[in-house]
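Since the structure comes first, as structure tokens, the remarks are kept for the end.
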Amino acid sequence: MKSVITIIDDDSAIIDSMGLLLAARDYEIDSYTCATDFLTGNRPSSCIVCDVRMPGMSGLELLLVLKKKSDSRPFILLTGHGDIEMAVNAIKQGAFDFIEKPFDPIRLLSTVSNALSASAKLQAEDSEKRVFLERYQSLTDRQRETMCLLIKGLANKEIAARLSISPRTVEIHRTWVMNKMAAGTLAELVRMGIALKLVE
């Protein structure tokens, strides 16, 4: 399935040249000449390439609107020579990258490719985290306490003392935790704990 790239620029010549370049690399193009048209006709895409300076809503303002909507698509800004400070600010606000105009075709293709790779990795991590969270929520309160102490590196005897239970009971809780979390090793359990932010 082709990745859809959204291009937003008030200069139709930029849209045409960028669209031809990306289409030649087998991307599908969805284009708009202003941010408000994009918000009205917004259709699913894999990445957004947007001009900073446009009539009405700027690229930076659009980025902030999308962030409020929890839109996780990578957002690449096109900037003129005098817009570097604005572009750096956009990176701080969550933009993936910025490309200076007139754009270098190789730089554009590389940035889009990197954005798509980073987005795919993020989606995979989010999906994995949801699975871990479902498993974690299936644990009893005592099993969660045991898991948190296990991933902090405490031995069974230390956990027993901390929770005022017997080492044998800790063993039982530990077995349940490993089974319910589908963790083959303690290292796997620690990785799950880190993903769930149960441990630094």
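The values are calculated or read from the model by the stated rules, or taken from the named source; none is laboratory data. All values reported here derive from a predicted model rather than from experimental measurement. So basically every Cβ, Gly included, is an ideal-geometry build from the backbone, and we count neighbours across all protein chains shown.
Inspection of the range 53-73 identifies at least one residue that is surrounded by 12 or more Cβ atoms within 10 Å (Cβ to Cβ), over 25 Å from the mean Cα position of the chain (by Cα) and within 30 Å of residue 37 (Cα to Cα). If I filter the range 167-183 down to residues being in contact with a helix residue (DSSP H, G or I) (Cβ under 6 Å, 6 or more places away or on another chain) and more than 25 Å from residue 131 (Cβ to Cβ), which single residue comes out as surrounded by the fewest Cβ atoms within 10 Å (Cβ to Cβ)? This residue is 167. Name every residue in the range 75-131 that is hydrophobic (A, V, I, L, M, F, W, C), surrounded by 15 or more Cβ atoms within 10 Å (Cβ to Cβ) and under 12 Å from the mean Cα position of the chain (by Cα), in order of residue number. If the condition is that a residue be hydrophobic (A, V, I, L, M, F, W, C), surrounded by 15 or more Cβ atoms within 10 Å (Cβ to Cβ) and under 12 Å from the mean Cα position of the chain (by Cα), then 75, 95, 96, 115, 116 are the ones that fit. Scanning the range 138-149 for residues that are touching a helix residue (DSSP H, G or I) at 6+ places or on another chain (Cβ under 9 Å) and either surrounded by fewer than 13 Cβ atoms within 10 Å (Cβ to Cβ) or modelled with pLDDT under 95 (or both) turns up 138, 140.
If you go through the range 8-49 and keep only what is touching a helix residue (DSSP H, G or I) at 6+ places or on another chain (Cβ under 8 Å) and either part of a helix (DSSP H, G or I) or not assigned by TED's automatic domain parsing to the domain that holds residue 87 (or both), you end up with 18, 21, 22, 35, 38, 39.
May I ask you to verify whether residue 39 is aliphatic (A, V, I, L, M) and out of contact with any strand residue (DSSP E or B) (no Cβ under 6 Å at 6 or more places or on another chain)? Yes, satisfied.
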